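What follows is a set of notes on a single structure, which appears directly below.
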Amino acid sequence: MKKNHALLYLIEFLIIGGGFALILTFTLPFYTQLLIVSAILALYIVIGLMHHRTHHDINIKVVLEYILVSALIFALFIFLNIARI
């Protein structure tokens with residue numbers, strides 16, 4: 001039985017899209033951008049894990065996937081902004 005996850009995906013899109021739009025729109029210091037990216041990725045992990053927990057399909061692979069994807073995005077952000085440090 002497939003469940004409709006449109007609301008969850010909309011919330012995640014608004015958080016992630018809004019955060020990155022904030023970074024791209026305003027001229028913020030690098031460390032402020034780093035804080036925003038960290039908050040976005042932390043929310044991504046929390047929302048994703050809460051979603052899987054409510055549907056009783058959370059396991060170590062899911063947890064590691066969310067953590068590793070977030071770490072990859074964080075590393076990519078640092079790598080692309082290395083000249084600003």
Fill in the blank from the handout: So for segment 1-42, using the alpha carbon gyration tensor with a ≥ b ≥ c as root eigenvalues (a/c under 1.5 gives rounded; past that, a/b versus b/c decides prolate or oblate), I'd call it prolate
Practice task
Treating only the Cβ atoms of Lys and Arg (+1) and Asp and Glu (-1) as charged, compute the dipole magnitude of the chain about its Cα centre; round to the nearest 20 debye.
Solution key: 80
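Please state, to two decimals, what the Cα-based radius of gyration of segment 6-84 comes to when divided by 2.2 N^0.38 Å (N = residues). Don't skip to the end; give the middle numbers.
Numbers: Rg = 13.9 Å, N = 79, 2.2 N^0.38 = 11.6 Å.
Computed over Cα atoms of segment 6-84, the ratio equals 1.20.
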Exercise for the section: Treating the angle as unsigned and between 0 and 90°, give the value, to the nearest 10°, between the Cα long axis of helix 6-25 and the longest Cα principal axis of the chain. Expected result: 0
Problem - Length released on extending from H5 to T32, taking residue separation times 0.36 nm less the Cα-Cα span - result: 6.5 nm
Problem - Cut-off 13 Å between beta-carbons: net charge of the residues surrounding Y44, Lys and Arg +1, Asp and Glu -1 - result: -2
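Read-outs: derived from the displayed coordinates by stated rules, not from any lab. The shown structure was predicted, so the numbers you read here are calculated from the model rather than taken from an experiment. A quick note on method: Cβ atoms are made from the backbone with ideal geometry, for glycine too, and the neighbour counts reach across all protein chains shown.
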